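Heads up, the thing below is written out as structure tokens.
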Amino acid sequence: MQLDSKLKDKIQKVKVLILDVDGVLTDGKIIYSSFGHDIKEFDVKDGFGITLLHRAGIRSVILSARSSRTIRKRAKDMHVDSIYENAHVKLDAYNKILKRYKLSCEETAFIGDDLVDLPVLSRVGFSACTACAVRHLKDKVDYVTTHEGGSGAVREIAEMILNVQELWQSVTGRYFK
């Protein structure tokens, strides 16, 4: 994939990847068990992409309007640095992330899929949405993934960041011997 120099410059500055959950880490469907617990399906390749970012020293943060034990469990498995749940006004949580990690907007990336994500997407240094995002986002972000949420969209962005920042070989070299 060919990226223009402006996009590469934005990606080069990323120190934290912020992720929505439903429609980004999942396909957006919410299933409830008969006990009232939510059930979510995650793509293992997305999770490994986040693990590779972690190995490279790039933080990941989950920013979700919902709260879920399922999200917390999966985040732990993927080495996610922090979780901001019940963030109905995502911009408020985003400002807390900036402060907590002492970041400028240019050092952050966010992947979203719906209108509630737009305020954050308009402020981060590198903005992306999934292929299944609502149409109102697709013309407002820096990049639209070729993969859908829950089906490799996060891995696509993780690999893009690692390649642009020339970290891919250092975190994957052991697999190619």
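Per-structure values
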{"quantity": "Output for the stretch 1-14, where each listed residue is under 17 Å from the mean Cα position of the chain (by Cα), part of a loop (DSSP other than H, G, I, E, B) and either free of Cβ contacts under 8 Å to residues at least 24 places away in the same chain or within 24 Å of VAL116 (Cβ to Cβ) (or both)", "calculated": "VAL14"}
{"quantity": "Residue in the stretch 116-140 that is surrounded by the most Cβ atoms within 10 Å (Cβ to Cβ), counting only those that are within 16 Å of CYS105 (Cα to Cα) and among the hydroxyl-bearing types (Ser, Thr, Tyr)", "calculated": "SER127"}
{"quantity": "Some residue of the stretch 52-69 being within 19 Å of GLU159 (Cβ to Cβ) and among the charged types (D, E, K, R)", "calculated": "yes"}
{"quantity": "Flag if ARG59 is surrounded by 14 or more Cβ atoms within 10 Å (Cβ to Cβ), among the charged types (D, E, K, R) and within 13 Å of VAL16 (Cα to Cα)", "calculated": "yes"}
{"quantity": "Subset tally (residues that are in contact with a strand residue (DSSP E or B) (Cβ under 8 Å, 6 or more places away or on another chain) and more than 27 Å from ALA158 (Cα to Cα)) for the stretch 32-46", "calculated": "2"}
{"quantity": "The stretch 55-75 - residue that is closer than 19 Å to ILE111 by Cα and among the basic types (Lys, Arg) and, of those, modelled with the lowest pLDDT", "calculated": "ARG66"}
{"quantity": "In the stretch 91-115, the residues that are under 14 Å from LYS13 (Cα atoms), surrounded by 24 or more Cβ atoms within 10 Å (Cβ to Cβ) and of a type outside the set (S, T, N, Q)", "calculated": "ALA109, PHE110"}
{"quantity": "THR130 being touching a His at 6+ places or on another chain (Cβ under 8 Å), hydroxyl-bearing (Ser, Thr, Tyr) and modelled with pLDDT of 95 or more", "calculated": "yes"}
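The values are calculated or read from the model by the stated rules, or taken from the named source; none is laboratory data. Since the model is a prediction, treat every value here as computed from it, not as a measurement. So basically every Cβ, Gly included, is an ideal-geometry build from the backbone, and we count neighbours across all protein chains shown.
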